[in-house]
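Following: one structure in structure tokens, then a few remarks.
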Amino acid sequence: MGDDKNTTLVSQYIDRYALLCCLNWIKSSLEDVLNSEEFKKEVLKGEFNSTNGLSNQQLYDKIMTAHEEEGPGGQDGVVDLMVRTLRIDSDESDWRKPCDKRTIGVDGAGTGITAICPQKLAKWVKDGRPEYLAAHYAHEYIHILGFHHDKKPKDESFVYQIGDTVEDLAEKLRKSRLNAS
Ligand SMILES: [Zn+2]
């Protein structure tokens, strides 16, 4: 990693379901991607909107410094990712239908705690696609670092682009591990 500070991912799950099903996935995909040279390269050469006026180097440093702007945060240099699962069987049953369709989850609305649809979690585990989960959490984490996607086109926002980059790199990583084993 040269002179860069490694960002260690410590996922502070507040939800047992997510913890049981996905902790290893998160450790092995998101953490490795964020600390990779490829990720750094992609961030440094990317063209993004909604960057809060930061340069590419500053954006990269922002991720590596991992100082959460929203929610309780935690230690700098550590991705303090707080996730829970939507309670579609109880008080959050309004989310059941959107979760059956395209919704992946909801952001924490400033609380720093993002909630995922249990259907998506279950499907990705079953399909063996940790990259989707890594991408979703990366997207939400960039929100927690204080970025949004209010400018158009929103797919070109820093938030969306980081999600896409993490998905690509995590998929590559999964495939290279398959080949190596
Ligand atoms: Zn978003």
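Extent along the principal axes, Cα only, for segment 8-180: 44, 40, 33 Å, with the longest axis given first. Our coupling estimate for segment 128-139, obtained by passing each phi through the Karplus curve with A = 6.51, B = -1.76, C = 1.60 and θ = phi - 60°, is x, 10, x, 4, 5, 5, 4, 5, 4, 5, 4, 4 Hz, Gly and Pro reported as x. Multiply the residue gap between residue 123 and residue 179 by 0.36 nm, knock off their C-alpha separation, and tell me the result in nm, one decimal place. This chain segment gains 17.8 nm when fully extended. By the count of other C-beta atoms within 10 Å, a proxy for reagent exposure, 158, 39 are ordered fewest to most as 39, 158.
Mind running the shape call on segment 97-181? Use the C-alpha gyration tensor, a ≥ b ≥ c as the square roots of the eigenvalues: rounded below 1.5 for a/c, prolate if a/b tops b/c, oblate otherwise. Since a/c reaches 1.5 but b/c is at least a/b, the shape of segment 97-181 is classed as oblate. Look at the alpha carbon pairs under 8 Å that are at least 6 residues apart: their mean separation over the length of the chain gives a relative contact order of 27 percent.
Within segment 58-87, what residues put their amide N at less than 18 Å from the label point 7 Å along the Cα-to-Cβ vector of residue 94? Residues 85-87 fall inside that zone.
Modelled spin labels at residue 155 and residue 55, positioned 7 Å past Cα toward Cβ, are 3.0 nm from each other. Database remark: amide H of residue 74 closer than 5 angstrom to the amide H of 68 (H placed geometrically; neighbours at sequence offset of 5 or more, or on other chains; Pro and chain starts carry no H). Restricting segment 128-181 to trypsin sites (Lys or Arg not before Pro) that sit in a DSSP loop and have at most 14 other Cβ atoms within 10 Å of their own Cβ leaves 151.
None of the figures in this text is laboratory data; all of them are computed from the coordinates on show. Remember, predicted model here, so these are calculated numbers, not experimental data. Neighbour counts are summed over all protein chains in view; Cβ atoms, including those assigned to glycine, are modelled from backbone coordinates with ideal geometry.
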